[in-house]
Structures are given as C-alpha cells and as structure tokens.
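Take a look at the structure below.
The values are calculated or read from the model by the stated rules, or taken from the named source; none is laboratory data. All values reported here derive from a predicted model rather than from experimental measurement. Ideal geometry is used to build each Cβ from the backbone, glycine not excepted, and the neighbour counts take in all protein chains shown.
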Amino acid sequence: EAGVAQSPRYKIIEKRQSVAFWCNPISGHATLYWYQQILGQGPKLLIQFQNNGVVDDSQLPKDRFSAERLKGVDSTLKIQPAKLEDSAVYLCASSLVFGGDQDEQYFGPGTRLTVT
Amino acid sequence: SQKIEQNSEALNIQEGKTATLTCNYTNYSPAYLQWYRQDPGRGPVFLLLIRENEKEKRKERLKVTFDTTLKQSLFHITASQPADSATYLCALDGNYNTDKLIFGTGTRLQVFP
C-alpha cells in the first residue's frame, strides 16, 4: 500500500512570502493531520480533519495559516505571509478511523521549510 | 502546566544491551500512550500503543510499560542493534473527543557496535 505523499520536500522562501504544501493520505483513511515540527522538538498538531470537516484547529495560527481538505482526500496547508519562526518541518499524517481507541497514525516524509 | 518530558540528552549504548527510554507526563490523564520512531529526514513511524488499563505491552524486541500512578512510560529495546539508532517519541492523547496526540520532544538513541 502506498504511504502518505507530501510535496514539495524542501522549500526556501523569504519572510512575508507565501507557501503551500500538499498532502495525499493513504487511500481510505478518513482522518488527516498537519503537524509542525521545529528542530529538536516533537511534532505539534496544527489541524485535524475528519473527512473534509475540521475536528481540531486550536493550535493553527489562523491569521497566517490556512488548510483545506477538498472532497475528503488531498489536503493543502498554506502560510501567508511567512515569518522566520515558521521555519520547520511540516508533517502530514493520516489514520484509518476516528473516535474510540486511537488508531495509529501514518506520517509522510514531511516538507522542510526554511524562511530567510 | 501540562508537560511531556523525555530525556533530551542522547542515550548511547553498546550493541546487544537493553536500551531503556523514559517518558514522564504532568497534568494529563491519558487513555493511551503511543511510541514512535523517527529517522533523520523522515516522518515518525508508529511502534506500539498501550492503554491506561494495560501495564505492559510487547512486540518482538520492544516492550512498553505504563504506570498511571507514577505518570510514566518506559520503552525498552532488548538486544539492541545499530539499526535501532534513531529518535524515539512518546505521544499521548490530549483530548478524548478529538483523538489529538501530544508528542514529547523525543530521545535520540545511538547503538554502537
């Protein structure tokens, strides 16, 4: 079975520019997550989708970050405008089910963003 | 405040020995805890899940314990191999209604031949 796909793998932008990341989860997985992982830290959840609805976006900086999951499959995460502190790896993950016992999450390789 | 603490210093051990990694948490009441492995430049990979009513879980050379009184989980790798060298992350559920995972900072394990 194919894993979680993400693109691009690397991106370098200047502050105040905008950037978008794309994620294709494992086929059939209802739940999709976007995480931010700063160097030396664990992943921090930004937003969680159940099909195409938002379940949790409490840690998403909504003044600059946005995300959508059209048709309950692929998802995009956008930053506009970027700040230096947004430099991090952005991880997409998916899981099969939602609710009750937590299913394991499958992570993509991530997109490494550098803001200069 | 809520915290998940893992040893920030790398753990260096000799091949064949047992590696033991610690995950302590404060002001959480998790229903379960998960352990993930992360290699450089890659996303985390799920290893084991242990629920609050389980004391111990095993999978091949891996063993996880969960002590809700001590608010601690221990992760053991027996007969460690250089291929086990990676960063190991613990994660617990932060909100039952959303299945939200809260990750620790991870501990880097280095196994020397």
Is there a residue in region A:30-38 that is within 13 Å of another protein chain (Cβ to nearest Cβ), modelled with pLDDT under 95 and part of a loop (DSSP other than H, G, I, E, B)?
yes
Checked region B:33-56 for anything in a strand (DSSP E or B) and over 12 Å from the mean Cα position of the chain (by Cα); matches are B:Arg51, B:Glu56
Considering only residues of region B:18-61 that are in contact with a Ser or Thr (Cβ under 6 Å, 6 or more places away or on another chain) and over 21 Å from A:Trp34 (Cα atoms), which is farthest from the other protein chains (Cβ to nearest Cβ)?
B:Thr18
Please determine, by comparing only the residues of region A:44-77 that are more than 15 Å from A:Asn24 (Cα to Cα) and of a type in the set (Lys, Arg), which one is nearest to the other protein chains (Cβ to nearest Cβ).
A:Lys44
Consider only pairs whose beta carbons are under 6 Å apart and that are at least six residues apart or on different chains; among these, list those whose first residue lies in region A:30-41 and is under 17 Å from A:Ile79 (Cβ atoms) and whose second residue is among the β-branched types (Val, Ile, Thr).
A:Trp34/A:Ile47; A:Gln37/A:Val89
Which condition breaks for B:Lys71 when tested against (1) among the basic types (Lys, Arg); (2) within 25 Å of A:Gly40 (Cα to Cα); (3) within 14 Å of chain A (Cβ to nearest Cβ)?
(3)
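Rundown of residues vs (1) aliphatic (A, V, I, L, M); (2) under 17 Å from A:Tyr90 (Cβ atoms); (3) crowded, with 20+ Cβ neighbours inside 10 Å; (4) within 14 Å of the chain's Cα centre (by Cα), yes/no style:
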position: A:Ala2; (1), (2), (3), (4): yes, no, no, no
position: A:Gln6; (1), (2), (3), (4): no, yes, yes, yes
position: A:Arg9; (1), (2), (3), (4): no, yes, no, yes
position: A:Arg16; (1), (2), (3), (4): no, no, no, no
position: A:Trp22; (1), (2), (3), (4): no, yes, no, yes
position: A:Ala30; (1), (2), (3), (4): yes, no, no, no
position: A:Gln37; (1), (2), (3), (4): no, yes, yes, yes
position: A:Gly53; (1), (2), (3), (4): no, no, no, no
Need the failing condition index for B:Ser80 against (1) surrounded by fewer than 18 Cβ atoms within 10 Å (Cβ to Cβ); (2) polar (S, T, N, Q); (3) away from chain A (no Cβ under 14 Å), just the number.
(1)
Filter pass, B:Ser1 being more than 26 Å from A:Thr31 (Cα to Cα), part of a loop (DSSP other than H, G, I, E, B) and more than 14 Å from chain A (Cβ to nearest Cβ)
yes
